[in-house]
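Visitor: One structure, as structure tokens, below. Some questions next.
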Amino acid sequence: MNYVLIFTDQAVVILPLLTRFGITSSNLGYFVLDNAPNNDTTLVELAKTLGFDPKVKRLRCIGHIFNLIAKRYLYGQDVSKFEEQYSKAGALERRKL
């Protein structure tokens, strides 16, 4: 139950922005979001107010997926370890990484 309240908080923030910029169901485009489940919940909440089908207006972020694939390919299995080493390294060491 607490999770639903947390997830719908995003809709509470987004809806006034859409309203402020005059975005309604008639001129609404698509939502490009990563695969986090709270994004689905947020769209369901927005759809209740704006009157659209959240499954139709929801696009998966292929750019995010490509980014994850590229990181794995370039930096190996442990991307976070690479990022940690990179942030600690100086300019010359970063080139070697």
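Visitor: Roughly what would the spin-label model give for Phe66 and Gln10, points 7 Å off Cα along C-beta, in nm?
Guide: 2.2 nm
Visitor: Note the angle between two axes, namely the Cα long axis of helix 2-20 and the longest principal axis of the Cα atoms of the chain, as a number of degrees from 0 to 90, rounded to the nearest 10.
Guide: Tilt of helix 2-20: around 70 degrees.
Visitor: Related question: Using every Cα-Cα pair within the range 23-96, state what percent have a distance larger than 16 Å.
Guide: Details: 1708 of 2701 pairs.
In whole percent, the share of Cα-Cα pairs in the range 23-96 beyond 16 Å is 63.
Visitor: Also, I was wondering about something else. Would you calculate a helix-derived [θ] at 222 nm for the chain, using -39,500 (n - 2.57) for each DSSP H run of n ≥ 4 and dividing by the full residue count, to the nearest 500? Mind dumping the intermediate values first?
Guide: On the way: 5 runs with 63 residues, N = 97.
It lands at -20500 deg cm²/dmol.
Visitor: Can you give the angle from 0 to 90° between the axis of helix 62-75 and the longest principal axis of the chain, with both taken from C-alpha atoms, to the nearest 10?
Guide: Roughly 10 degrees, rounded to the nearest 10.
Visitor: Add +1 for every Lys or Arg and -1 for every Asp or Glu among the other residues with Cβ under 14 Å from the Cβ of Val13, and state the total. Mind showing how you got there, number by number?
Guide: Details: positive: Arg20; negative: Asp9, Glu45.
Computed value for this residue: -1.
Taken together, the values in this text are just the output of simple stated rules run on the coordinates, not laboratory data. Small disclaimer: the values here were computed from a predicted structure and weren't measured. All Cβ positions, even for glycine, are placed from backbone atoms using ideal geometry, and neighbour counts span all protein chains on display.
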